[in-house]
Amino acid sequence: MGYLGRKLAVSNRLRSQREPVALAAGHSPLDWARLVASKQNLSGVPTIIKVSKEELAKHNKPDDCWMCIKGKVYNITPYLQFHPGGVGDLIDYAGQDATNKFMETHAWVNEEALLRNCLVGFLV
Ligand code: HEM
């Protein structure tokens, strides 16, 4: 099975087990893409920083939510309402390294591109 076939198989498996998530008006993937294209800094920090595990752990609330994926720490707060998988699943990983869960769920998702405006820095 090729890449797209695999993506479809995993995607269908996830969908068959879940109710589709209703995204609020103005929070479609296209709306998020527009925000990314605007190049607005959504990270909450003026410049990229080094983040310790302890610091990461402090940002564990919806209105102050950092998450590490593949060594990069992102401010997920602006993205929460846009996540096609819903807020609930995402918030479980607030202040944590979500790499394993992310890869299990949707290895095909390009988080570096989607979250480039949300980059806080690097986990050290
Ligand atoms: C913060 C980084 C994340 C980003 C940028 C992200 C992005 C996305 C995107 C773009 C989709 C749609 C994928 C597709 O249809 O092909 C999706 C779906 C999903 N995400 Fe995430 N995700 C993130 C983290 C997580 C985490 C940590 C979980 C934990 C469980 C999760 C759970 C899900 C689920 C279950 C779906 C499937 C929703 C469905 O098809 O009904 N995601 N995510």
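Every read-out reported here was derived from the displayed coordinates using simple, explicitly stated rules and does not represent laboratory data. As the structure is a computational prediction, the values presented were derived from the model and not from experiment. Positions of Cβ are generated from backbone atoms using ideal geometry, with glycine treated the same way; all protein chains shown enter the neighbour counts.
Results, tabulated for the structure shown:
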| item | result |
| --- | --- |
| Stokes-Einstein D for the chain, Kirkwood Rh over Cα pairs, 4 °C, 1.567 mPa s (µm²/s) | 85 µm²/s |
| Stretchable slack from GLU104 to ASP64, in nm (0.36 nm times residue separation minus alpha-carbon distance) | 11.9 nm |
| Nonlocal amide H pairs with TYR79, under 5 Å, H built at 1.01 Å | none |
| Lys/Arg +1, Asp/Glu -1 at C-beta; the chain dipole; positive extreme among MET67, TRP32, SER52 | TRP32 |
| Estimated distance in nm for a label pair at ARG18 and ASP89, the labels positioned 7 Å out from Cα along Cα-to-Cβ | 0.2 nm |
| Amide proton proximity set for GLN96, modelled H, under 5 Å, gap of 5+ | CYS68 |
| Karplus 3J(HN,Hα) series, Hz, for the stretch 71-88 with 6.51 cos²θ - 1.76 cosθ + 1.60 (x for Gly, Pro) | x, 9, 9, 10, 8, 8, 3, x, 8, 3, 6, 9, 5, x, x, x, 6, x |
| Assigned charges on the beta-carbon of Lys, Arg, Asp, Glu; the chain dipole about Cα centre (debye) | 380 debye |
| Cut-off under 5 Å, modelled amide H: who pairs with PHE122 long-range | ILE49, LYS50, VAL51, VAL73 |
| Burial ordering of THR105, THR47, fewest other beta-carbon atoms within 10 Å first | THR47, THR105 |
| Under-30-angstrom lysine pairs by C-alpha in the stretch 3-123, whenever the two are 8 or more apart or on separate chains | 28 |
